[in-house]
Amino acid sequence: MQTTRKQLSVQLSVLLATVCAVFLLIGGAADAEGPPGPAIEYVVSAGDTLWEIASEHVADGDDVRPLIQAIKERTGMASSAIQPGQVLQIPLP
């Protein structure tokens, strides 16, 4: 009887570990990013600011900050500093 309980316990542990592994794999696949969506390229001119550039690409009254963050991520920028001639990737909605 003791051996049967140990075998059942081991089998349930293996089953639980397998179920957990499957859920982790499924969850990881769902979180994987696909290819980036469409974007336009914007070449920075002297005097441009990231805020002004983003403001031109959002609807009136919408918050500009999420687009600024998206531009920075899409372009691979570590800060909001921009330079004339720099090419920005502006994601389209």
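Every read-out reported here was derived from the displayed coordinates using simple, explicitly stated rules and does not represent laboratory data. From a predicted model like this one, the values you see are computed outputs, not experimental measurements. In this analysis, Cβ positions are derived from the backbone assuming ideal geometry, glycine residues included, and neighbour counts consider all displayed protein chains.
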Long-range amide H contacts for Ala39: which residues qualify at under 5 Å (H placed 1.01 Å from N, peptide plane, sequence gap of 5 or more or a different chain)? Leu92
Assuming R0 = 22 Å, what is the FRET efficiency of Glu41 and Asp63, from their Cβ-Cβ distance, to the nearest 0.05? 0.40
Using the Karplus curve 6.51 cos²θ - 1.76 cosθ + 1.60 with θ = phi - 60°, work out ³J(HN,Hα) for each residue of the stretch 75-91 in order, rounded to whole Hz, and write x for Gly and Pro. 8, x, 8, 8, 9, 8, 6, 10, 10, x, x, 5, 9, 9, 9, 9, x
Could you check the spin-label model distance between Thr49 and Gln11? Points 7 Å from the Cα along Cα→Cβ, value in nm. 7.0
Using label points projected 7 Å from each Cα along Cα→Cβ, tell me how many nm separate Glu56 and Thr4, to one decimal. 7.9
